[in-house]
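The values are calculated or read from the model by the stated rules, or taken from the named source; none is laboratory data. Bear in mind that the values here come from a model prediction, so they are computed numbers and not experimental data. So basically every Cβ, Gly included, is an ideal-geometry build from the backbone, and we count neighbours across all protein chains shown.
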Amino acid sequence: MTFYSKAGRYSPILCRLLARVRYGRPLTSQELADSSGLSLFQVEALSRQTNWDGVDIETVRRFTESCGTDFTSRKDMRRVSDYMRKAPTFAYLKRSRNFHEYYLPLISKWRSAYAGNTRRTS
């Protein structure tokens, strides 16, 4: 799978939903901003995007690396694709006290965008 096909499959919003401490709690937006060197505003804006249109490659790199979804990392991509193949439940997000206010709207937006993309390509 090429870098561009991975970028098409793993949107910024999905990368954000997958960002967590290994087998634990989700990473906060502030933690992502701190580890990526992006501003909190940039992290929040990317976290709501359903595609990478208009995002420069350096920002893609910094965001995906901090989320643990680096498109150039075989280890990251294997973990992510294995998780996605099993029909993700996002249980780690459901345990967050911010689930209903923050993560559930992101999940809904991602699912809507994913369903739209699936219908267009079918």
Seminar exercise, completed: Restricted to segment 103-114 and to residues being surrounded by fewer than 17 Cβ atoms within 10 Å (Cβ to Cβ) and hydroxyl-bearing (Ser, Thr, Tyr), the residue nearest to TYR23 (Cα to Cα) is SER108
Exercise. Is there any pair linking a residue in segment 82-101 that is free of Cβ contacts under 8 Å to residues at least 40 places away in the same chain to one that is surrounded by 12 or more Cβ atoms within 10 Å (Cβ to Cβ), with Cβ under 7 Å and at least six apart or on different chains, and which?
Worked result: PHE99/LEU93
Problem set entry | Top-ranked residue in segment 24-60 [being in contact (Cβ under 8 Å) with a residue 60 or more places away in the chain and closer than 18 Å to THR89 by Cα; ranked as surrounded by the fewest Cβ atoms within 10 Å (Cβ to Cβ)] | GLY24
For this session: Output the residues belonging to segment 79-93 that are loosely packed, with under 12 Cβ neighbours inside 10 Å and within 16 Å of TYR23 (Cβ to Cβ).
Result: ASP82, LYS86, THR89, ALA91
Exercise. Can you pull out the residues in segment 62-93 that are in a loop (DSSP other than H, G, I, E, B) and either under 16 Å from PRO12 (Cα atoms) or not aliphatic (A, V, I, L, M) (or both)?
Worked result: GLY68, THR69, ASP70, PHE71, THR72, SER73, LYS86, PRO88, THR89, PHE90
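Being surrounded by 17 or more Cβ atoms within 10 Å (Cβ to Cβ) and either farther than 18 Å from ILE107 by Cα or modelled with pLDDT under 95 (or both) is the requirement here; does SER66 meet it?
Details: surrounded by 17 or more Cβ atoms within 10 Å (Cβ to Cβ): yes; either farther than 18 Å from ILE107 by Cα or modelled with pLDDT under 95 (or both): yes.
Spelling it out, SER66 is indeed surrounded by 17 or more Cβ atoms within 10 Å (Cβ to Cβ) and either farther than 18 Å from ILE107 by Cα or modelled with pLDDT under 95 (or both).
Which fully enclosed helices (runs of 4 or more DSSP H) of segment 1-50 have 1 or more residues being aromatic (Phe, Trp, Tyr) and modelled with pLDDT of 95 or more?
Working: elements: 3-9, 12-18, 29-36, 40-47.
Result: 40-47.
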For this session: Confirm whether THR59 is out of contact with any helix residue (DSSP H, G or I) (no Cβ under 6 Å at 6 or more places or on another chain), among the polar types (S, T, N, Q) and in a helix (DSSP H, G or I).
Result: yes
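Kindly indicate the residue of segment 69-95 that is more than 18 Å from THR2 (Cβ to Cβ) and of a type in the set (A, V, I, L, M) and also modelled with the lowest pLDDT among those meeting that condition. I'd like the intermediate steps shown before the answer.
Of all residues in segment 69-95, those more than 18 Å from THR2 (Cβ to Cβ) come to 79, 82-83, 85-95.
Next, only the ones that are of a type in the set (A, V, I, L, M) stay: 87, 91, 93.
Values: ALA87: 83, ALA91: 92, LEU93: 94.
So, considering only residues that are more than 18 Å from THR2 (Cβ to Cβ) and of a type in the set (A, V, I, L, M), the one modelled with the lowest pLDDT is ALA87.
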Problem set entry | Residue under evaluation SER96, criteria (1) surrounded by 15 or more Cβ atoms within 10 Å (Cβ to Cβ); (2) assigned to a loop (DSSP other than H, G, I, E, B); (3) out of contact with any strand residue (DSSP E or B) (no Cβ under 8 Å at 6 or more places or on another chain), criterion not met | (3)
